[in-house]
Amino acid sequence: MDRDQPDRQLTHLDSRGRARMVDVSDKPVTSRIAEASGFISLQPETLEALYSGQVPKGDVLSTARLAGVAAAKQTATLIPLCHPLNLTWVDLEFTARDDGIAIGCTVKAREVTGLEMEALTAVSVAALTIYDMCKAIDRSMRIGDIRLVRKEGGKSSHQPAYRPRTAVLVVSDSAASGERQDRSGALLREGFLLAGCQVDPVLVVPDEPDQLLAAARKFLDKGIELLITTGGTGLGPRDITIPTLEQLLDDRLPGVEQALHAVGRTQTPLAMLSKLAVGTAGKGIIVSLPGSSAACRDALTVLIPAIFHAFEVQKGAGHGD
């Protein structure tokens with residue numbers, strides 16, 4: 001790095017090909033699990049010595065288990081681009097086979113990113129510990145087949161197949177008059193397009209209850225299933241989105257509202273002042289978000305893909321399907 005350049009946080013690959021960490025600041029905390037496995041080959045005589053307590057260095061498997069737990073907790077120190085995580089549970093199991101020992105590891109945490117590297121590191125270090133403790137009596141050992149077995153948590157564990165027909169409605173006097181260019185609506189449309197939804201062109205209306213209500217009803221009448229509005233959710237006299245659209249809502253979805261508020265408060269305490277609303281309207285769902293680009297970007301991390309499951313449930317799927 002050039003000495004005359006300011007320090008920068010390193011995150012995946014920059015334009016010069018240098019390694020950088022991935023920014024996970026905006027990802028929500030979820031319960032996560034990762035399982036990994038590996039194998040170390042041992043001679044039958046070594047296995048007998050190991051299980052009879054005759055290995056000179058002592059209790060091999062207890063030491064390997066402790067080494068694996070410690071390694072999982074130190075993964076971010078060992079692998080430079082991994083994020084330091086607050087692990088809540090690490091467990092290793094050893095299964096004897098005729099030609100060696102199978103190693104399994106399970107790691108759990110409530111975190112913003114996956115735990116696969118912690119599980120893989122634990123298995124690797126446990127295998128290395130067995131190798132170190134047995135190398136004096138077995139020169140033929142081999143470590144291999146270290147792999148990720150399973151991971152759960154985060155978006156990868158919740159991928160509904162259904163994609164609702166979606167529309168984005170911007171509520172803004174300044175955007176409607178042309179005084180400023182809409183950014184939030186375009187950001188939301190791009191996010192849902194990338195998620196695989198069919199998304200109508202963004203419509204912009206002023207902060208006028210009659211125009212907003214007419215536009216929302218028109219979208220729902222033409223078969224829009226997911227209507228996202230942005231803007232008009234503050235405390236100002238022209239912020240009319242929520243009281244206007246509440247006329248269309250059959251049932252509120254407080255869990256979604258709470259999740260949106262929660263992720264917003266991680267970015268700014270002012271998020272608690274937003275009067276966002278989410279609810280069902282006939283066969284559709286309306287989500288009313290603040291007008292800021294940051295709030296809409298945060299909302300995408302909450303809504304996609306979890307909100308899609310609501311439409312599967314409406315069509316008869318079980319809550320756990």
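Charge tally around S174: other residues with Cβ under 11 Å, Lys/Arg +1 each, Asp/Glu -1 each, net -2. Non-local lysine pairs in the chain, meaning eight or more places apart or on different chains, with alpha-carbon distances under 12 Å, amount to 6. Between the Cα long axis of helix 116-134 and the first principal axis of the chain there is an angle of about 0°, rounded to the nearest 10. Just checking the listed ones, P305, P80, P237: in the Gaussian network model of the chain with Cα springs under 10 Å, the one fluctuating most is P237. Rg then Dmax, both in Å and based on the Cα atoms of region 164-239: 12.2, 37. Distance from the Cα centroid of region 269-296 to that of region 235-249 is 11 Å (rounded to whole angstrom). The per residue volume of the convex hull around the alpha-carbon atoms of region 166-314 is 101 Å³. Footprinting exposure proxy ranking of M141, M117, M272, fewest other C-beta atoms within 10 angstrom first, gives M272, M141, M117. Net charge in the neighbourhood of I240 (other residues with Cβ under 12 Å of its Cβ; Lys, Arg +1, Asp, Glu -1) is -4. Working note: Cα atoms of region 18-155, range along each principal axis, descending, whole Å: 53, 29, 22. For S177, S31, S274, the sequence from fewest to most other C-beta atoms within 10 Å is S177, S31, S274.
Assuming a ≥ b ≥ c are the square roots of the Cα gyration tensor eigenvalues, decide whether the chain counts as rounded (a/c under 1.5), prolate (otherwise, with a/b larger than b/c) or oblate. Note, shape of the chain comes out prolate.
Once C-alpha pairs closer than 8 Å and six or more residues apart are averaged by separation and normalised to the residue number of region 159-306, the relative contact order reads 28 percent. Per-residue ellipticity at 222 nm computed for the chain from its helices equals -10000 deg cm²/dmol, with DSSP H segments shorter than 4 residues left out and the rest contributing -39,500 (n - 2.57). Dipole check for the chain: with +1 at the C-beta of Lys and Arg, -1 at the C-beta of Asp and Glu, and the Cα centre as origin, the magnitude is about 280 Debye. Basic side chains Lys and Arg get +1 at the Cβ, acidic Asp and Glu get -1 at the Cβ, and with that the dipole of region 157-215 about its Cα centre reaches some 420 debye. Here is the list for region 47-98: trypsin sites (Lys or Arg not before Pro) lying in DSSP coil, each with at most 14 other C-beta atoms within 10 angstrom of its C-beta, are K57. Under 5 Å from the amide H of A281 lie the amide H atoms of D250, I286, each residue being 5 or more positions distant or on a separate chain, with H modelled from the backbone and absent for Pro and chain starts.
Since every read-out is calculated from the coordinates, none of them should be taken as a lab result. On a predicted model such as this, the values are computed, not experimentally measured, just so you know. Methodologically, a virtual Cβ is constructed for each residue, glycine included, from the backbone with ideal geometry; neighbour enumeration extends over all protein chains shown.
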